[in-house]
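Undergrad: If you scroll down you'll find the structure; I have some questions about it.
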Amino acid sequence: MKFISYKLGADGGETWGLVREDGVVDLGARGPHGTMRDAIAAGDLMSLGEAGMSGDPDTVLPDVTFLPVITNPDKILCAGLNYKDHVTETANTLPAELQLFMRSTNTLVGHCGEMERPKVSDNYDFEGELTAIIGKGGRHISEADALDHVAGYTIFIDGSVRDYQKHSVTAGKNFYKSGPLGPWMGSADEIPDPAALELTTRLNGETVQHSTTDMLLFTVPYIISYISRFTPLEPGDVIATGTPSGVGARRNPPLWMKAGDRIEVEISKIGTLWADVVDEV
């Protein structure tokens, strides 16, 4: 099943729902939970989704304004240098342990939304990433049990301001409206093996990244287990797993995103996330 967070039109109230072939079922209006995160936390996501498979849809997909899949995550954690080919292109040595950084919620953008290229830099880069959404929280989760803690998977575009990233990772990875998340969350039962997916990033229709998730240096179960050592994971937490080679900063000449560009990331069994680049006003 595919679940989205959305609103109707530009001024509609925020809700969440189930995406079907014939339209969208508003589960926020039909059930006791106003957000997808609340439904995940209550353990009701799949039962509400099953109930939403019957009856008429409430709207059609072209009429919705997509919001970030999880609009109010407690944590957004991101793996860095987690594909061998990306480590090689950045001239780094293979990390002995998982590299992580955090993002703030106000960096998130919905599917079909706008990424802001900041006034202070032209070095606006792209990174396509498989992303896990935590379903069942916990601490000290074993690798063997880690996938049981996943509600589903989505796609993240890690818009990175490279010159500010040289100042600090926190700065370069936390510019406002730099992180599209979506288009929806595919439930974990439809993606039993997150290491068997194909990832393609396109800039203005041209392929700039292509890889498979079996190339991750640190697997999804390991990432979840590692994070849970130092902080309790909560339902709705967002975990981006890193990007493969092909980023703009490592091209000659560098390939930076600019206003008017469209960036899209496709991951098999999930779908395609895209956003348009605009200049900060």
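Undergrad: What Kirkwood Rh does segment 1-140 have if only Cα atoms enter the pairwise 1/r average? Answer in Å.
TA: 17.5 Å
Undergrad: Students often forget the sequence filter, so: which lysines lie under 22 Å Cα-Cα from Lys258 once same-chain residues fewer than 8 apart are removed?
TA: Counting by Cα, and skipping residues close in sequence, Lys258 has these lysines nearby: Lys119, Lys166, Lys173, Lys177.
Undergrad: Based on the alpha carbon coordinates of segment 2-66, what radius of gyration and maximum Cα-Cα distance (Dmax) apply, in Å?
TA: Cα only, segment 2-66: 10.8, 30 Å (Rg, Dmax).
Undergrad: Here's another thing I want to ask about it. If you average the alpha carbon positions of segment 205-281 and of segment 148-180, how far apart do those two centres end up, in angstrom?
TA: The distance from the Cα centre of segment 205-281 to that of segment 148-180 comes to 8 Å.
Undergrad: By the scheme Lys and Arg +1, Asp and Glu -1, what is the net charge of all other residues having a beta-carbon under 15 Å from that of Gly55?
TA: In short, -4.
Undergrad: If each of Lys84 and Ser121 carries a label point 7 Å out from its Cα toward its Cβ, how far apart are those two points in nm?
TA: 3.0 nm
Undergrad: Another question about this same structure. Could I have the simple spin-label model distance between Asp148 and Asp44, label points 7 Å from Cα toward Cβ, reported in nm to one decimal?
TA: Roughly 2.4 nm, to one decimal.
Undergrad: May I pose another question? Please arrange Arg162, Arg251 by how many other C-beta atoms lie within 10 Å of their C-beta, fewest to most.
TA: Fewest-to-most Cβ neighbours within 10 Å comes out as Arg251, Arg162.
Undergrad: Can you pull the Kirkwood radius for the chain, inverse mean 1/r over Cα pairs, to one decimal in Å?
TA: It works out to 18.8 Å.
Undergrad: On a full-extension model of 0.36 nm per residue, what is the gain between Arg229 and Ala51, subtracting their alpha-carbon distance, rounded to one decimal in nm?
TA: The span from Arg229 to Ala51 would gain 60.5 nm if fully extended.
Undergrad: Relative to the first principal axis of the alpha-carbon coordinates of the chain, what is the inclination of helix 220-230, with its axis defined by its Cα atoms, in degrees from 0 to 90 and to the nearest 10?
TA: Helix 220-230 sits roughly 90 degrees off the main axis of the chain.
Undergrad: What FRET efficiency would be calculated for the residue pair Val281, Leu8, taking the C-beta separation as r and a Förster radius of 22 Å, to the nearest 0.05?
TA: That pair, Val281 with Leu8, gives E of 0.30.
Undergrad: When the C-alpha atoms of segment 131-271 are aligned to their principal axes, what extent does each axis show, in angstrom, from largest down?
TA: Extents along the principal axes: 44, 33, 25 Å.
Undergrad: Additional query: Modelled label-to-label distance, Arg20 and Asn106, 7 Å Cα→beta-carbon offset: nm?
TA: According to this spin-label approximation, the distance is 3.9 nm.
Every read-out reported here was derived from the displayed coordinates using simple, explicitly stated rules and does not represent laboratory data. Worth saying up front: this structure is predicted, and the values here are computed from it rather than measured. With ideal geometry, Cβ positions are generated from the backbone for all residues, glycine too; neighbour counts draw on all protein chains shown.
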